[in-house]
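This report refers to the structure that appears directly beneath it.
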Amino acid sequence: MSEQEASAFVSEQARRGTDERGAWHGRVVELIAERRVIGDVGIWVPPEGSGPVVGDLGFQFDPRYHGQGYAIEALGAFVPVAFRVFALDRVTATCREENRSSWHLMERLGMRLQSASDGERGYALERD
């Protein structure tokens, strides 16, 4: 993402209602010591409807900051808030099979493998 695209994305997210449904809710992850954005976390929250409320989790971090615990710290704080704010029943996430770091991170968050096919792994975390 260019700096201009990133700025527009952050502005759009700031305008979005905290509990708005049918929308992506992204948050930047800042490394305060360096005053630098090092990644983002977010969740797609489906529109109101019947049945379980399932949010789809996403995250990305600057490769220079991989393996240092920032992603687990950010997601460990973000996911419980997402469950509470959106009254989610479940959170899901997917990644490519070869992206061992992402699926290992999801497992560390307590997510359980639900599917593995066509080179993708799907994980889920239940409210309880």
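Brief remarks on what is shown
- Mean Kyte hydropathy of -1.0 or more with a Cα span along the axis of at least 20 Å, helices from DSSP in the chain: 70-86
- Summarising the strand pairing of region 1-92, around 85 percent of its internal DSSP beta bridges are antiparallel.
- Candidates L57, L88, L31, ranked by Gaussian network fluctuation over the chain, Cα under 10 Å, top entry: L31
- Gain upon complete extension [R21, E107; 0.36 nm per residue less C-alpha separation]: 28.3 nm
- Difference of contour (0.36 nm per residue) and Cα-Cα distance, M1 to E30: 8.8 nm
- Cα gyration tensor shape for the chain, rounded if a/c is under 1.5, else prolate or oblate: oblate
- One Cα centroid belongs to region 1-53, the other to region 63-93; the line between them spans 12 Å.
- Value of relative contact order over region 87-128, rounded to a whole percent, pairs C-alpha under 8 Å and six or more apart: 50
- Region 1-47: C-alpha pair distances exceeding 11 Å, %: 71
- Cα-based radius of gyration of region 35-94 once divided by 2.2 N^0.38 Å, which approximates compact folds: 1.26
- Computed magnitude of the charge dipole of region 1-100 (debye, nearest 20; Cβ of K, R +1, Cβ of D, E -1): 160
Throughout, read-outs are computed from the coordinates displayed, never taken from laboratory work. Predicted model, so just to flag it, every value in this text is computed and none were measured. Because the Cβ atoms are built from the backbone with ideal geometry, glycine has one as well, and the counts that use them run over all protein chains shown.
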